[in-house]
Structure formats: C-alpha cells, structure tokens
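The values are calculated or read from the model by the stated rules, or taken from the named source; none is laboratory data. In this text, all values refer to a predicted model and were calculated from it rather than measured experimentally. No Cβ is skipped: glycine too gets one built from the backbone with ideal geometry, and neighbour counts run over all protein chains shown. Just so you know, the surface numbers come from the protein's heavy atoms only, side chains and all, with ligands and any DNA or RNA stripped out. Shrake-Rupley method; radii C 1.70, N 1.55, O 1.52, S 1.80 Å.
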Amino acid sequence: MAPSTDEPRWGTLNAIDTKTGRILWQKKVEQPLVGGVVVTKGGLGFVGEGSGRFNAFHATTGELLWQFQVEGGINAPPIAYEVDGTEYIAIAAGGSQLFGYKPGDELLVFTLP
C-alpha cells in the first residue's frame, strides 16, 4: 500500500565525520532515500532517489556533480567495482509500491573517468 500523498515526504542525505560524529553537510531530496549510498576512493558519493534521479556528490563538500534520470524509482543501493583498471558504478531501478515509487526494470552501469 502506497503512503498517503497528502502528507509531506522527503529524504535527507547526510555526510558525517566518523571521527567526530559531526554532520559535514546535508542535502534534502524530494523522496525518502531507502537504498543506501556508495562512496568511491576518488571521493564521489552515489545515491538514487525515488523520483528516479541518480546522483553523484562530492563526498567532502556535498556539491552535486552529476545527475541522471531513469524511468523507475531507485530504492536499491548502488555498487562500485573495477575491471581491468576501469571503475564502474551500477544501479537497479525497480521502483517500490510500498513507497509509491514509479515501477521500473532497469539495471544501469556507468564508467568513471
């Protein structure tokens, strides 16, 4: 059952300094973030939104560096991996009836420069 549409909903991505516990930066997004985040060794943080936006943030500053729109909502965690020296980021966009995200059936893979 999808949540009521007359109640406001949003998500917040928080970067926390693990040594001090202090919040470094926050980004508010339109829908709750349920899939998780992956951060690369190069300092890029990737997260998907229920709206279908797939975002790359600068892990230290929180600056939005890149965004890609997919058909369905993203509620899966992105993964990072390397093959023969090339780095990849993959994300599944399947939506969610529970959260009212548009259904989809995409698996997207991006290469990092």
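Per residue, what accessible area does the chain have, given a 1.4 Å probe and all protein chains present, in Å²?
So the chain comes to 63 Å² accessible per residue, rounded to a whole number.
Of the listed peptides 73-85, 57-69, what is their order by residue-averaged count of other C-beta atoms within 10 Å, with the highest listed first?
Those peptides, ordered most packed to least, come out 73-85, 57-69.
First select every other residue whose beta carbon is under 14 angstrom from the beta carbon of Ala90; then total the charges, Lys and Arg +1, Asp and Glu -1.
After counting each charged neighbour, the total is -3.
According to the square roots a ≥ b ≥ c of the eigenvalues of the Cα gyration tensor, what is the shape class of region 49-113, taking rounded for a/c under 1.5, prolate for a/b larger than b/c otherwise, and oblate for the remainder? Walk me through the numbers on the way to the answer.
Working: a/c = 2.55, a/b = 1.48, b/c = 1.73.
Note, shape of region 49-113 comes out oblate.
Need the list of aspartates and glutamates near Lys41 for cross-linking: C-alpha distance under 18 angstrom, and skip anything on the same chain fewer than eight residues off.
Here the aspartates and glutamates satisfying the reach criterion relative to Lys41 are Asp17, Glu63, Glu82, Asp84, Glu87.
Just one of (i) 1.45; (ii) 1.50; (iii) 1.10 is Cα Rg over 2.2 N^0.38 Å as worked out from the coordinates here. Which one is it?
Matching entry in (i) 1.45; (ii) 1.50; (iii) 1.10: (iii).
With a sphere of radius 14 Å drawn around the Cβ of Ile16, what net charge do the other residues whose Cβ falls strictly inside it have (Lys, Arg +1; Asp, Glu -1)?
Every neighbour counted, the sum reads +2.
May I ask for the net charge around Ser51, where only other residues with Cβ less than 15 Å from the Cβ of Ser51 are counted and Lys, Arg are +1 while Asp, Glu are -1?
+1
With a 1.4 Å probe and every protein chain kept in, tell me what percent of the accessible surface of the chain is carbon plus sulfur. Before the final figure, lay out each step's value.
Numbers: 3790 of 7150 Å².
Carbon plus sulfur share of accessible area: 53 percent.
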